[in-house]
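Everything on this sheet refers to the single structure shown next.
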Amino acid sequence: MRALVKRHAIAMNPTFAQADSRTRRQLLALRQEAQTDKAPRVALRLQALLLSADGHTPPQIAGLLHVHRTRVHAWVCNWNAHGQEGIKEGHRS
């Protein structure tokens, strides 16, 4: 039981989307394209990535976008690992 308590006491560091200014412009353009193409789920993922790049944590983003925090974490990890391919509809890591 004591080991279980210690394991829960460890704080996890949030993962943030990796985006320099050029990549941020790319994310903005992709979000606009997704909105124009009527792809709301992709646009939502891109919005989450932009918020993450601005320093919002997955739980904060989840609250703002009304999605589960594990989805936000998965989107950020997919973006960081696979780039644009990681946010496409149907992508599985």
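The values are calculated or read from the model by the stated rules, or taken from the named source; none is laboratory data. Note that the structure is a prediction, hence the values are computed from the model and not measured. All Cβ positions, even for glycine, are placed from backbone atoms using ideal geometry, and neighbour counts span all protein chains on display. With ligands, DNA and RNA removed, areas are computed over all heavy atoms of the protein, side chains included. Shrake-Rupley method; radii C 1.70, N 1.55, O 1.52, S 1.80 Å.
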Exercise for the section: Being at pLDDT below 90 and open to solvent by less than 60 Å² (accessible area, probe 1.4 Å) is the filter here, so list the residues in segment 62-93 that pass it. Expected result: G86, I87, G90, H91
Practice task
With the condition kept exactly as written, say whether any residue in segment 44-61 is of a type in the set (D, E, K, R), surrounded by 12 or more Cβ atoms within 10 Å (Cβ to Cβ) and more than 12 Å from the chain's Cα centre (by Cα).
Solution key: no
Problem - Hits in segment 60-93 - residues which are farther than 17 Å from R31 by Cβ and touching a residue at least 40 places away in the same chain (Cβ under 8 Å) - result: H73, C77, N80
